[in-house]
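The values are calculated or read from the model by the stated rules, or taken from the named source; none is laboratory data. Bear in mind the structure is a predicted one, so any value in this text is a computation, not a measurement. With ideal geometry, Cβ positions are generated from the backbone for all residues, glycine too; neighbour counts draw on all protein chains shown.
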Amino acid sequence: MRQNNEVTETSRSETVSRTQWQLIWRQFTKHRLALIGLVVLAVLYFIGVLFPEFFAPHSPNERFESYLPPQRIRFFDADGNFHLRPFVYGWQEELDMATWRTIYTPDETEIYPIQFFVQGTPYRLWGTFESGLRFMGVEEGGRLCLWGTDNLGRDVFSRTIYAMRISLTIGLVGVGISLLLGLTIGGISGLVGGAVDNAIQRFIEVIMSIPTIPLWMALAAAVPRQWSALQVYFAITIILSFVGWTGLARVVRSKFISLREMDFVMAAQGYNASQTTIISQHLVPNFLSYVFVNLTLAIPDMILAETALSFLGLGLRPPVVSLGVLLSRAQDLRTVSMHPWLLIPGAVVVIVVLAFNFVGDGLRDAADPYQLS
Amino acid sequence: MAVYILRRLVYLIPTVLLISIISFAVINAPPGDILSSQVQELEQQYGPAAQRQIEALRTRYGLDQPVYMRYFPWIVGIITRLDFGMSFSGAYGIEFRPVVDILAERLGYTVLISVLTLGFTWVAAIPIAVYSAAWQRSVFDYVFTFIAFVGRSMPNFLLALLLMYFVYTNFGWSLGGMFSSEYVGQPWSWGRFVDFLRNLVVPVIVIGTAGMATIVRVLRATMLDELGKDYVQTARAKGVPEWKVLWTHPVKVAILPIVSTIGWMLPMIFSGSVITAIVLNLPTIGLTLYTALRAQDMYLAGSCVLVFSVLTVIGTLISDIILAKIDPRIRYD
């Protein structure tokens, strides 16, 4: 008897029964761009959210000369000799007699090889572990500012890496709150139905008809000036999710309504399953994949919103380092044309958002059982 | 049809009321009452003599009453007298100015930019989508898919800055504002008109890009659906030239749903126009909202949010009516 049982077990696994999630993953891996997006995101979150202190060569407020232009990592020196260890040139200063501005050009006589795993400015990892180990740096006397420096002489590269911790988590936290709101309100709307459903739907329509950026701006401007950085961070997150939950609530509602009429739900009701069981065992698992797709596509919107708000000076404010705060240094044409490297953090925003969009699209295709490919 | 329009108009009333409540909440959102910074200023300027003026202001805006009691005079004032309240900040030269005057000044330009953007989005999106669908997996299709993705991923202000930089380095035009400096305050002339158009190009492209990407994706998918249908094959079998096959039926079917996209396009355009207006210094309601928020001029800010939302609702209504009119499949009874 026992043996018999085992045989059926193995034969069942051979007839390849996969869970829904395995099927989705299988479809997802076929989507090449989505996979690339996933890898890019994993790398960026690892560097920027988990270990920015280690990967950034400097701490975010360390100061050098103002507006140093970016450095190129080189393998060949001016004489054409190949160096196995990459290096950067130092800068030489020149005063432009016409505009009285200091101009920095690469100094080909100063060669600073890039060292890896060096002791740099000490920091506290996650606020607890003291260390000075940095991923890369140059010897004493040299400066490693790969993406140049800003108006206060702070290294744009290091600041961008630090900024990712704020900018990349704000989307996740915001989406978490949206998820809570969307599931609850959408669920109530779909389950209760009738007048409640109608009222909630009208309310959602109204919120959706208010353009998001103006509403976000107005709410963000109401955040008191004297609040601490952490308070502002959470206030902005909550503001972003207050506007962002509507789409999710609609998905949840429509799924509840369509699933409610399904035979398996009727059957569950037939054998007296409790409402909680029906919801948690039968309804939620059936639309969870849609919810995930929706969330993945909502994260980039929140990241973009934070960037825009902070750029306008209405979101996070210095000394907090976020990608939007960094970009707010490049407000006008004059600054951009003289110091175009201040826009480099914008490229990081585009890459992150692009990656999320690819992953979201991949998930959407994978989660749709009606699409055969 | 008349009944349908009437019903939609009736639906409009609760929607707009709810929007006005949210806008009023915005006015009252900042800590402290809306007059406190103005009161401080008046006291500094005139000393105790300002007391009467302050009292008058407090009674005028009912600050001695709870929030919900203040809402009614405000909304009644808007409905009956178009009185949106007063702008308190000196951002417009004059210390106290009716909000409605400031809005009226800027409404035209805001609507112009939005309508132009909407037009640009469709005019650019339709041929691209049709081409991508007809020559699926061609180089153009891939190139455009890539551009669309990047367009969707780039913050509006970054695109505005980059285009400004590009235009400046390549054409030597320094964009910003409605007119170049030599035409400000001049009477209309051909040169001024050209200059005006020149300053419109970048904002329209910037605001339109994000929406365009989405429209192309939707349109391309619908086109691909249509192109797989039997009637297309029949047309081809009859020997109808390919361009005619494409443009006579499938495009018509695919374009119709695009009209309904106004509902989400308008909020997107307004959102985009706010940021673009700030970067490019365009005198739209978006810029007004921004300066008002920075100066904590809350009646002005709340009214801007209200105007944006009401414009969206009206735009959606118009698009629904047009759709009901042109799409024979929609029954509106």
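Assorted remarks:
- Qualifying residue in the stretch A:254-277 (condition: part of a helix (DSSP H, G or I), buried (at least 20 other Cβ atoms within 10 Å of the Cβ) and out of contact with any strand residue (DSSP E or B) (no Cβ under 9 Å at 6 or more places or on another chain)): yes
- Residues of the stretch A:108-135 that turn out to be over 13 Å from residue A:59 (Cα atoms), part of a strand (DSSP E or B) and hydroxyl-bearing (Ser, Thr, Tyr), as a count: 2
- Set side by side, the residues A:153, A:174, A:182 differ, and just one is closer than 18 Å to residue A:253 by Cα and touching a residue at least 12 places away in the same chain (Cβ under 8 Å), which is A:182.
- Candidates B:251, B:218, B:245, B:206, filtered to the one that is under 22 Å from residue B:153 (Cβ atoms), hydrophobic (A, V, I, L, M, F, W, C), more than 17 Å from the chain's Cα centre (by Cα) and assigned by TED's automatic domain parsing to the domain that holds residue B:113: B:218
- Among (1) within 9 Å of chain B (Cβ to nearest Cβ); (2) modelled with pLDDT of 85 or more, the one test that residue A:234 misses: (1)
- Scanning the stretch A:299-358 for residues that are more than 9 Å from chain B (Cβ to nearest Cβ), part of a helix (DSSP H, G or I), hydroxyl-bearing (Ser, Thr, Tyr) and within 19 Å of residue A:238 (Cα to Cα) yields one hit, A:310.
- Residue-level check: of (1) under 22 Å from residue B:115 (Cα atoms); (2) of a type in the set (D, E, K, R); (3) touching a Lys or Arg at 6+ places or on another chain (Cβ under 9 Å), residue B:325 misses just (3).
- Those residues of the stretch A:19-46 which are charged (D, E, K, R) and farther than 18 Å from residue A:351 by Cα, in sequence order: A:26, A:30
- Counting only helices (runs of 4 or more DSSP H) wholly contained in the stretch B:242-333, the ones carrying 1 or more residues that are touching a residue at least 24 places away in the same chain (Cβ under 8 Å), under 30 Å from residue B:217 (Cα atoms) and within 14 Å of chain A (Cβ to nearest Cβ) occupy B:262-280, B:285-294, B:298-326.
- Taking the criterion of being farther than 25 Å from residue A:355 by Cβ and away from every other protein chain (no Cβ under 12 Å), the only residue of the stretch B:137-169 that qualifies is B:138.
- The helices (runs of 4 or more DSSP H) found entirely in the stretch B:1-80 that carry 2 or more residues being modelled with pLDDT of 70 or more and touching a Gly at 6+ places or on another chain (Cβ under 6 Å) are B:2-27.
- Residues located in the stretch A:29-66, provided they are farther than 30 Å from residue A:153 by Cβ and surrounded by fewer than 18 Cβ atoms within 10 Å (Cβ to Cβ): A:29, A:30, A:32, A:33, A:35, A:36, A:39, A:40, A:42
- Only listed residue being surrounded by 22 or more Cβ atoms within 10 Å (Cβ to Cβ) and at pLDDT 80 or above, chosen from B:227, B:163, B:159, B:197: B:159
Okay, residues lined up against (1) within 15 Å of residue A:212 (Cβ to Cβ); (2) in contact with a helix residue (DSSP H, G or I) (Cβ under 7 Å, 6 or more places away or on another chain):
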position	(1), (2)
A:236	yes, yes
A:243	yes, yes
A:246	yes, yes
A:263	no, no
A:268	no, yes
A:287	no, yes
A:308	yes, yes
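- Only one entry of A:248, A:295 meets the criterion of being touching a Gly at 6+ places or on another chain (Cβ under 6 Å) and either touching a residue at least 60 places away in the same chain (Cβ under 8 Å) or more than 18 Å from residue A:185 (Cβ to Cβ) (or both), and that entry is A:248.
- Any hit, the stretch A:15-29, residues being modelled with pLDDT under 75, of a type in the set (Ser, Thr, Tyr) and over 31 Å from the mean Cα position of the chain (by Cα): yes
- Of all the numbered requirements in (1) assigned to a helix (DSSP H, G or I); (2) more than 10 Å from chain A (Cβ to nearest Cβ), residue B:188 misses one, and that requirement is (1).
- Cβ pairs under 6 Å, 6+ apart, first in the stretch A:49-75 and within 15 Å of residue A:124 (Cβ to Cβ), second assigned to a loop (DSSP other than H, G, I, E, B) and not charged (D, E, K, R): A:60/A:321
- Test: residue A:4 is at pLDDT below 75 and outside any strand (DSSP E or B): yes
- Matching residues, the stretch B:104-114, being of a type in the set (A, V, I, L, M) and at pLDDT below 85: B:104
- Of the residues making up the stretch A:177-231, those that are facing chain B (nearest Cβ under 9 Å) and either farther than 21 Å from residue B:302 by Cβ or in a helix (DSSP H, G or I) (or both) number 17.
- The single residue among B:218, B:251 that is farther than 22 Å from residue B:149 by Cα and among the β-branched types (Val, Ile, Thr) turns out to be B:251.
- Among residues that are farther than 22 Å from residue A:175 by Cα, hydroxyl-bearing (Ser, Thr, Tyr) and in contact with a helix residue (DSSP H, G or I) (Cβ under 7 Å, 6 or more places away or on another chain), residue A:322 is not included.
- Of all the criteria given as (1) in contact with a His (Cβ under 8 Å, 6 or more places away or on another chain); (2) free of Cβ contacts under 8 Å to residues at least 12 places away in the same chain; (3) surrounded by 13 or more Cβ atoms within 10 Å (Cβ to Cβ), the one not satisfied by residue A:103 is (1).
- Top-ranked residue in the stretch A:49-58 [being touching a Phe, Trp or Tyr at 6+ places or on another chain (Cβ under 8 Å) and in a helix (DSSP H, G or I); ranked as nearest to residue A:119 (Cα to Cα)]: A:54
- Some residue of the stretch A:358-372 being under 21 Å from residue A:180 (Cα atoms) and surrounded by fewer than 18 Cβ atoms within 10 Å (Cβ to Cβ): no
Residue by residue, here is whether (1) of a type in the set (Lys, Arg); (2) modelled with pLDDT of 85 or more; (3) more than 29 Å from residue A:342 (Cα to Cα) holds:
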residue: A:247; (1), (2), (3): no, no, yes
residue: A:256; (1), (2), (3): no, no, yes
residue: A:270; (1), (2), (3): no, yes, yes
residue: A:273; (1), (2), (3): no, no, yes
residue: A:286; (1), (2), (3): no, no, yes
residue: A:292; (1), (2), (3): no, no, yes
residue: A:308; (1), (2), (3): no, yes, no
residue: A:313; (1), (2), (3): no, no, no
